1. Which numbered condition in (1) at pLDDT 95 or above; (2) part of a helix (DSSP H, G or I); (3) more than 8 Å from every other protein chain (Cβ to nearest Cβ) is the only one that B:E47 fails?
2. Is it true that some residue in segment B:12-20 is aromatic (F, W, Y), more than 18 Å from A:L107 (Cβ to Cβ) and in a strand (DSSP E or B)?
3. Kindly provide the set of residues from segment B:51-76 that are at the interface with chain A (Cβ under 8 Å from one of its Cβ atoms) and surrounded by fewer than 17 Cβ atoms within 10 Å (Cβ to Cβ), ordered by number.
4. Could you count how many residues in segment A:93-109 are more than 7 Å from chain B (Cβ to nearest Cβ) and either more than 17 Å from A:S53 (Cβ to Cβ) or in contact (Cβ under 8 Å) with a residue 24 or more places away in the chain (or both)?
5. Would you mind finding the one in A:K23, A:K15 that is part of a loop (DSSP other than H, G, I, E, B), more than 30 Å from B:L46 (Cα to Cα) and more than 21 Å from the chain's Cα centre (by Cα)?
6. Restricting to segment A:22-43, what's the tally of residues that are at the interface with another protein chain (Cβ under 7 Å from one of its Cβ atoms) and closer than 20 Å to A:L107 by Cα?
7. Which residue out of A:A120, A:A79 is under 19 Å from A:W60 (Cβ atoms) and small (G, A, S)?
8. Condition check: at the interface with another protein chain (Cβ under 7 Å from one of its Cβ atoms) and in a loop (DSSP other than H, G, I, E, B). Does A:D67 satisfy that?
Amino acid sequence: MEPVRYVDLLNQRYKQLGFPEYKWTVNEDAPLTPLIKPLDECRVSMLTSGGVSHCSLEPWDAFARNDFRLDTVDPMATAQDFEVNDSYYDTTDANVDLNCVFPIDRLRELDEQGVIGSVAPRLWSGFMGRIYKRTEVREVQAPALAAELHDDDVDLFLLVPA
Amino acid sequence: MLVSTGLDLTRLVKPPRSLFVNFPMGNPFGPPGSADYQRRILTVALELTSTMNTPGDITELRDAWPADFQDKVEASLLMG
């Protein structure tokens, strides 16, 4: 199967629904920080934006818009400790096995096997649903998360949109 | 490092480094219950972080989802 053309499909869908033309974020360049440590010395953290919540917390609003809630995730929690609520993708498999979308058990195993140096003390779940406030993300929310990662001495950050 | 299931979306946003997996949204690390497969994709993503040094580069994993996943695509197009 060829890669899905989500931009075209969503543009068509929005038009059918009578929405104004969507202005996609288009970045002409990207920052890049070289990884200077070998992987087996790196502290790794991970973010999911797939509506993943620990069962002790309120579930995510599956239809969330501009929700800047950001949960910390205990890396010792296991996949069975979570539920997934997100109306923007098929969560059936993720609710059967969270590792499909947020491989928390696999990451811990790579730590135990010495493939990575360590798992960071905090993983993350946030930026879920549709977020239209780009300036808020770019200038406030993302820098705040970057500061938290810095506090945790994270070397490598894995982002998984779902 | 971003693990992506939307190639066109990733090209627009241009994260520093991305691994594109041509799987349905909701399955970037593969099907449920496939620990070995999930571990492999996770390991590939982590290992690529040290070798991808051109900003905005996307590495495409060649693995194919075993079936058409149009039903899952439809689910990802729903509007709340």
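The values are calculated or read from the model by the stated rules, or taken from the named source; none is laboratory data. Fair warning: this is a prediction, and the values are worked out from it, not measured in the lab. Glycine also receives a Cβ, built like all others from the backbone with ideal geometry; neighbour counts cover every protein chain displayed.
1. The number of the failed condition is (3).
2. The first filter runs over segment B:12-20 and keeps only residues aromatic (F, W, Y), leaving B:20.
Now restrict to residues that are more than 18 Å from A:L107 (Cβ to Cβ): B:20.
Now restrict to residues that are in a strand (DSSP E or B): B:20.
Yes; the residues of segment B:12-20 include at least one that is aromatic (F, W, Y), more than 18 Å from A:L107 (Cβ to Cβ) and in a strand (DSSP E or B).
3. Going through segment B:51-76, the residues at the interface with chain A (Cβ under 8 Å from one of its Cβ atoms) turn out to be B:53-56, B:64-65, B:68-69, B:71-73, B:75-76.
Matches in segment B:51-76: B:N53, B:T54, B:P55, B:A64, B:W65, B:D68, B:D71.
4. First, pick out the residues of segment A:93-109 that are more than 7 Å from chain B (Cβ to nearest Cβ): A:95, A:98, A:102, A:104-105, A:108.
Still in the running and either more than 17 Å from A:S53 (Cβ to Cβ) or in contact (Cβ under 8 Å) with a residue 24 or more places away in the chain (or both): A:98, A:102, A:104-105, A:108.
Qualifying residue count for the region: 5.
5. The match here is A:K23.
6. 2
7. Of A:A120, A:A79, the one residue that is under 19 Å from A:W60 (Cβ atoms) and small (G, A, S) is A:A79.
8. no
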